[in-house]
Amino acid sequence: MNQKKKLTDLLKDASFLRWLRAGRPGSDPEWNAWSKEDSANEKMAEDAAAMEQGLPFRQQKVSAELTQEHWAGIQARLNDQDVPAKRRRLLVWSAAAAVLLLVSLIGAQWLVGGEMAWSTHQTAMGESATISLPDGSTIYLGANSSLQYPTDFLAAEERLIHLEGEAYFEVQPQKQPKPFLVRTPALNVRVLGTTFNVNAHRSQPIVSLTSGSLQVIHPGTEVTKILEPGQTAQFIEAEGQFNIVSDAAAYWASWKAGEWQFGKDGVPMTEVIQRIEETYGLKCVVDNPAILQRRPAGKVSIDDREVLFASLSALMDLDFRVEGNELHIRQSEN
């Protein structure tokens, strides 16, 4: 038995569910041994049992806003698991809503704590999705991302979205103004009606405003900033404030049209590499540090990664070669 079980895998395992429903310790000696081997295993068993009964972790009520304290508690428990950082960020969502994700795959709904049903959407590496909300708003969900919103979306005092990853939002104004709130593990965004992009793949998320106005909020410090159209904001932890730039909005919005627009002045190669890793799940390996000093300009298609790499190769006279889960970037020999 693989001792490094993950919560989502456990909830798919028929033998584990039989053992769980029979009560712990049960009649299955392998699962009994697994639960006693490590305290983290027993915690996962407790969490799985709670979710099997339709209860939130530790039988605490989960509010509509899934407060920052809840996120901190979930993340602390996941820190003990031996998984890569990227996967651990995804497990934060899985831990908070694993059953929601599983049940959504078969077209059903799940009640959290008997209080609220959630609709969940998730994309794989290199995949995107378009989601129409009950209020007429549209969300373009980027690759390797997930979001949740209450099934009874219009009944609450505010329109609430939980995002992990990247999404572009076209928020529909309401006759009776009702705030639209996007929560990520590290940053919140509040709007009434606007279009904007949120990249929360990163530890310091980036919010870019196309039109309208919005407020970005750093929950840890309560520092806020009102953005104007064309502005892009990123919270800098070391400085305790938002860094604002005014020439990057087109770049951050372009992915939803299936391309990256670098503009005439280009973007740093380090940014391109980070976007490749976020979108396609490849680790980029550069054989010459001088490559990182380049600034590709123009635009490239991202509908297919092979087309993207071929375009970047022609644009920058570089060789892009996928080897396993790595993308090796070298100076072209032609």
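Structure notes:
- Filtering segment 303-334 to residues that are in a strand (DSSP E or B) and either free of Cβ contacts under 8 Å to residues at least 40 places away in the same chain or polar (S, T, N, Q) (or both) leaves L318, D319, F320, R321, E323, Q331.
- Test: E158 is acidic (D, E) and farther than 26 Å from F309 by Cα: yes
- Annotation: G212 fulfils all but one of (1) touching a strand residue (DSSP E or B) at 6+ places or on another chain (Cβ under 9 Å); (2) under 17 Å from P134 (Cα atoms); the unmet one is (2).
- Among the candidates S208, S213, S254, residue that is surrounded by 19 or more Cβ atoms within 10 Å (Cβ to Cβ) and either within 24 Å of L160 (Cα to Cα) or of a type in the set (D, E, K, R) (or both): S208
- Filtered by the rule that a residue be crowded, with 17+ Cβ neighbours inside 10 Å, at pLDDT 90 or above and part of a strand (DSSP E or B), segment 118-156 gives S119, T120, H121, Q122, I139, Y140, L141, S146, L147, Q148, Y149, P150.
- Wholly enclosed strands (runs of 3 or more DSSP E) of segment 157-210 bearing at least 3 residues within 19 Å of T123 (Cα to Cα): 159-164, 166-170, 195-199
- Note on segment 288-300: among residues that are in contact (Cβ under 8 Å) with a residue 40 or more places away in the chain and in a strand (DSSP E or B), the one that is farthest from A129 (Cα to Cα) is K299.
The values are calculated or read from the model by the stated rules, or taken from the named source; none is laboratory data. In this text, all values refer to a predicted model and were calculated from it rather than measured experimentally. Don't worry about glycine lacking a Cβ; one is built from the backbone with ideal geometry, like all the others, and counts go over all protein chains shown.
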